[in-house]
Amino acid sequence: MAAGREAVAQQCDAFVLVVHDWSNLHYNNHAAKTDRVALSQSKDLGYEMQAAVLVSDRSGDPLSAISLSLRAADGVHCSRQAGVRQPLSPLDELAPAMDYIERQKLGLPAVHVIDSEADSVGHYREWIKHPERYFLVRADTERIAEYEGQQCGFALIRQKLHENKAFHKAREVSYHGQLAWQWVAETRVVLTQPARPQRRDGQPRKSIPGPPVPLRLVISEVRDATGKTLAVWFLLTNVPDIVAADRVALWYYWRWRIESFFKLLKSAGQQLEHWQQENAAAVAKRLLVVSMACVIVWKLMHNDAPEAADVRQLLVRLSGRQMKRTKPYTAPAIMAGLWVLLTVLYVLENYQVTDLRRIADILFPNPRAGPYNRGKDV
């Protein structure tokens, strides 16, 4: 939390982005974890992780994890409170997380950035009851809203904006490693449809009417050099008009930063899904320690001081990973190098040089047989 506040003060301009997302932790072969729950299917067992990460509104750099929770058979193990609590539906878990984050005195208003799982009229209605709660959500392409006095699908609204030549080229972007361009258009819409909340209780979904929800609709298109459309995002937000549509689209483009966080926790860093702790409580505690390691890595990557560059170079060398000339370091390489450095420091603090030479003599009794050589037989 302290690292997050410090980073917001140094690296954000007018807002701090809070990216929310879910990631399943698969432990199908970990029978000792008796508190696993079914995930995507009955035989897919593990824990459901929900996370929120602070991201700079200036650069899109990840700053700190600010909320983490694991859903297990005994309930939710959450960084926001002590003890285990009863789970809510995935979307209902968002409001308590938003409340908590907004109470942390981060210094700037938060904009909650969420993928299309959060496209819910009922939740929009709840969120806008809070005067300074801002959100940015990718909407479903099938959503219908009131536009220019008529009920229109988002696909039709997009078509009309094209007819009115409302799209403009915003910036160059990378799309699956290829150069592309982002085009943006904006309009106002009002959501009037009843909410249809979905719960885990197995009961039929009900239609719940409510007041209209006026929002900004920002449509982002990614096009290649020939003008072919590669991707389309329909973005709904209540962020004030002082934030241009181009900026809104860029903020959502930065949502993938939380995916890089999950990657650091899993395949590209800490191998989270191979941990041997036998219950969610132990996994959650270790997860917090590893999240702090991620914060250290991010702080080092953002540091422009010359000595920070030296540290990054050392950690990459310790990691043993090959880097491209155009990209001298990555978060996974720095994370791997940090682990090696901590190991080296442990050795230096707990062993004398004579101890290390004795160990080396045991491993390499013949200096010619291994890498250890005191210079006797060069």
Open item on the list: Anything in region 239-253 that is surrounded by fewer than 19 Cβ atoms within 10 Å (Cβ to Cβ) and in contact with a strand residue (DSSP E or B) (Cβ under 6 Å, 6 or more places away or on another chain)? List them, or say none.
Closed with: Asp246
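State all residues of region 105-118 that are crowded, with 19+ Cβ neighbours inside 10 Å and either in a loop (DSSP other than H, G, I, E, B) or modelled with pLDDT of 95 or more (or both); if no residue qualifies, say none. I'd like the intermediate steps shown before the answer.
Taking region 105-118 first, the residues crowded, with 19+ Cβ neighbours inside 10 Å are 106, 110-114, 118.
If the condition is that a residue be crowded, with 19+ Cβ neighbours inside 10 Å and either in a loop (DSSP other than H, G, I, E, B) or modelled with pLDDT of 95 or more (or both), then Leu106, Ala110, Val111, His112, Val113, Ile114 are the ones that fit.
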Task: The listed residue being touching a strand residue (DSSP E or B) at 6+ places or on another chain (Cβ under 6 Å), within 24 Å of Leu300 (Cα to Cα) and among the aliphatic types (A, V, I, L, M), out of Leu25, Leu17 - done: Leu17
Open item on the list: Among the residues of region 170-193, what is the count of those that are of a type outside the set (A, V, I, L, M, F, W, C) and either outside the structural domain of Tyr252 (by TED's automatic domain parsing) or surrounded by 12 or more Cβ atoms within 10 Å (Cβ to Cβ) (or both)?
Closed with: 8
Open item on the list: Looking at Leu88 and the list (1) exposed (fewer than 14 other Cβ atoms within 10 Å of the Cβ); (2) in a loop (DSSP other than H, G, I, E, B), which single condition is not satisfied?
Closed with: (1)
- [ ] Determine which single condition Asp21 fails, assuming it passes every other condition in (1) closer than 15 Å to Ile114 by Cα; (2) among the charged types (D, E, K, R); (3) at pLDDT below 95.
- [x] (3)
Open item on the list: Anything in region 36-52 that is at pLDDT 95 or above and either at positive phi or part of a loop (DSSP other than H, G, I, E, B) (or both)? List them, or say none.
Closed with: Arg36, Gly46
TODO: Within region 133-153, identify whether any single residue is of a type in the set (Ser, Thr, Tyr), at pLDDT 95 or above and either under 28 Å from the mean Cα position of the chain (by Cα) or not assigned by TED's automatic domain parsing to the domain that holds Val55 (or both), and answer yes or no.
DONE: yes
TODO: Please tell me if Val290 is touching a helix residue (DSSP H, G or I) at 6+ places or on another chain (Cβ under 8 Å), under 23 Å from Cys78 (Cβ atoms), β-branched (Val, Ile, Thr) and in a helix (DSSP H, G or I).
DONE: yes
Task: Criterion (buried (at least 21 other Cβ atoms within 10 Å of the Cβ) and either in contact with a Phe, Trp or Tyr (Cβ under 7 Å, 6 or more places away or on another chain) or not hydroxyl-bearing (Ser, Thr, Tyr) (or both)) met by exactly one of Ala82, Ala73, Ala65, Ala95 - done: Ala65
Task: Tally of residues being touching a helix residue (DSSP H, G or I) at 6+ places or on another chain (Cβ under 9 Å) and either surrounded by fewer than 19 Cβ atoms within 10 Å (Cβ to Cβ) or not hydrophobic (A, V, I, L, M, F, W, C) (or both) across region 254-271 - done: 8
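Taking the stated definitions as given, is Ala14 in the same structural domain as Ser69 (by TED's automatic domain parsing) and closer than 27 Å to Asp92 by Cα?
When the stated conditions are applied, Ala14 does not pass them.
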Open item on the list: All but one of (1) surrounded by 14 or more Cβ atoms within 10 Å (Cβ to Cβ); (2) in contact (Cβ under 8 Å) with a residue 12 or more places away in the chain hold for Gln276; state the number of the condition that does not hold.
Closed with: (1)
Task: Condition met for Leu191 (in contact with an Asp or Glu (Cβ under 8 Å, 6 or more places away or on another chain) and farther than 22 Å from Arg255 by Cα) - done: yes
Open item on the list: Based on this model, can you work out whether Tyr134 counts as closer than 30 Å to Arg5 by Cβ and among the hydroxyl-bearing types (Ser, Thr, Tyr)?
Closed with: yes
Open item on the list: Conditions first: (1) surrounded by fewer than 17 Cβ atoms within 10 Å (Cβ to Cβ); (2) in contact with a strand residue (DSSP E or B) (Cβ under 9 Å, 6 or more places away or on another chain); (3) within 30 Å of Ala244 (Cβ to Cβ); (4) not aliphatic (A, V, I, L, M). Arg58 passes all but one, so which condition is the exception?
Closed with: (2)
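Hey, among Val55, Val16, which residue is in contact with a Pro (Cβ under 6 Å, 6 or more places away or on another chain) and either modelled with pLDDT under 95 or under 29 Å from Tyr253 (Cβ atoms) (or both)? Outline the logic, then answer.
Working: Val16 fails: in contact with a Pro (Cβ under 6 Å, 6 or more places away or on another chain).
It is Val55.
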Task: Top-ranked residue of region 322-356 - restricted to ones that are at pLDDT below 90 and of a type in the set (D, E, K, R), ranked as surrounded by the fewest Cβ atoms within 10 Å (Cβ to Cβ) - done: Arg325
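The values are calculated or read from the model by the stated rules, or taken from the named source; none is laboratory data. Everything quoted here is computed from the prediction, not taken from an experiment. Positions of Cβ are backbone-derived with ideal geometry, glycine not excepted, and every protein chain shown enters the neighbour counts.
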